[in-house]
Amino acid sequence: MKLMVKYSNKISELIKKVNGDELNKLNKVCESYAFRANEYYLSLINWDDPQDPIKRIIIPCEEELQEWGNLDASNEASNTVVSGVQHKYPRTVLLLCNEVCAGYCRYCFRKRLFMEENEEVSIDVSEGIEYIARNKQVTNVLLTGGDPLLMSTRRIEMILSQLREIPHLSIIRIGSKIPAFNPMRITEDPELLEVINKYSTSEKRIYIMTHFDHVRELTDEAVKCVNALIKTDAILYNQCPVIKGVNDNPVELGELFRKLSFIGCTPYYVFQGRPTKGNYPYRVSITSAYDVFEKAKTMISGLARTAKFVMSHSTGKIEVIAIDKEYIYLKYHRAKNPEEDGKLVICRRDDEAYWFDELKIVKITYPDG
């Protein structure tokens, strides 16, 4: 397998397993929501299984066209401070530095970035870096987009070197699905590994936030990629949403947690999928997703039980901490308004609810009583 696997934004160039009628239906979906994949990732699909989870992740589905949700479900626009920069929490800034991914997950919550005339991502990151330098309370930056590790190694080093010149910035996170979509991009580029090693220091680490959704993405090539990144002295965490037809059962999610812990990539966040336009076929209710999450944890050791189940809501990162027969118990793990950090919200149980906004609040308690 080579570094330059074939990529395409046209289904017909990569997929030979569907008939003409089905291809026409898929192309219609792609008129609304972009498609992108590569030969390596498509090779993981069992085409004889119509319910194959890898297929669900990458191949369009007609149900995506059903009217549901909105393109900016968490109102990220309200956190945009300069072009390509989101600042929602006091100490953390998101730097959207790339407008392309190695593949487009069908349930992506930022699919608006891959539509024509979108200007949220800034290829010129200088304004964003200047913003971070001016705001001395910022200790943590997340490089995202798009996928930062799809950029050229030269550009990645340019960004990392400029960020490392900011004294108050300690943590650089890189959010990437490249280890799943094209692990050879990393393992076959020793210069990239050297760059990560150079800027991940003993006192200021680089964190690679991987995005494995299903254990079948953890191929030999992907495990080799994870190992190569660990050897750079970067720290690896994984985060993924609960996705209908992919990992919405305890056995699948538990096996993913287990293998991630075995290879040194710690489970971090499991997300309730955002109600994003086009994501209707991938939805799982809050109570169902929480049940899957909790049952998955019973099947694994303590080192694999580190993940939190959260919603990235417009008001903050809301952790689902418990559900009983009557109520859903939520806690603000991070709040957009710092005074609300740790706020406990008790809601009436609703097994149809998909998002916080659909729940009926019964009681709110603040940390200070």
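The values are calculated or read from the model by the stated rules, or taken from the named source; none is laboratory data. Note that the coordinates shown come from a computational prediction; the quantities given were computed from them, not determined experimentally. No Cβ is skipped: glycine too gets one built from the backbone with ideal geometry, and neighbour counts run over all protein chains shown.
Odds and ends about this structure:
- Qualifying position, being touching a strand residue (DSSP E or B) at 6+ places or on another chain (Cβ under 9 Å), over 16 Å from ARG173 (Cα atoms) and among the hydrophobic types (A, V, I, L, M, F, W, C), among LEU218, LEU260, LEU236: LEU260
- Total residues in region 117-163 satisfying the condition of being surrounded by fewer than 13 Cβ atoms within 10 Å (Cβ to Cβ) and part of a helix (DSSP H, G or I): the figure is 4.
- Candidate set: region 227-261, residues that are farther than 20 Å from LEU42 by Cα and in contact with a Leu (Cβ under 7 Å, 6 or more places away or on another chain); chosen: the one surrounded by the most Cβ atoms within 10 Å (Cβ to Cβ): LEU229
- Region 164-234 holds helices (runs of 4 or more DSSP H) entirely within its bounds, and those carrying 1 or more residues that are outside the structural domain of ILE57 (by TED's automatic domain parsing), more than 22 Å from LYS55 (Cβ to Cβ) and without any contact (Cβ under 8 Å) to a residue 12 or more places away in the chain map to 190-199.
- Count of region 79-98 residues, restricted to those that are surrounded by fewer than 19 Cβ atoms within 10 Å (Cβ to Cβ) and assigned to a loop (DSSP other than H, G, I, E, B), is 3.
- Taking the criterion of being without any contact (Cβ under 8 Å) to a residue 40 or more places away in the chain, over 20 Å from ALA73 (Cα atoms) and either touching a helix residue (DSSP H, G or I) at 6+ places or on another chain (Cβ under 9 Å) or assigned to a loop (DSSP other than H, G, I, E, B) (or both), the residues of region 336-369 that qualify are ASP341, GLY342, LYS343, VAL345, CYS347, TYR366, PRO367, ASP368, GLY369.
- Pick from region 146-163, criterion among the small types (Gly, Ala, Ser) and touching a residue at least 24 places away in the same chain (Cβ under 8 Å), ranking: nearest to GLU203 (Cα to Cα): SER161
- When restricted to residues that are assigned to a loop (DSSP other than H, G, I, E, B) and of a type in the set (Gly, Ala, Ser), region 26-78 contains 6.
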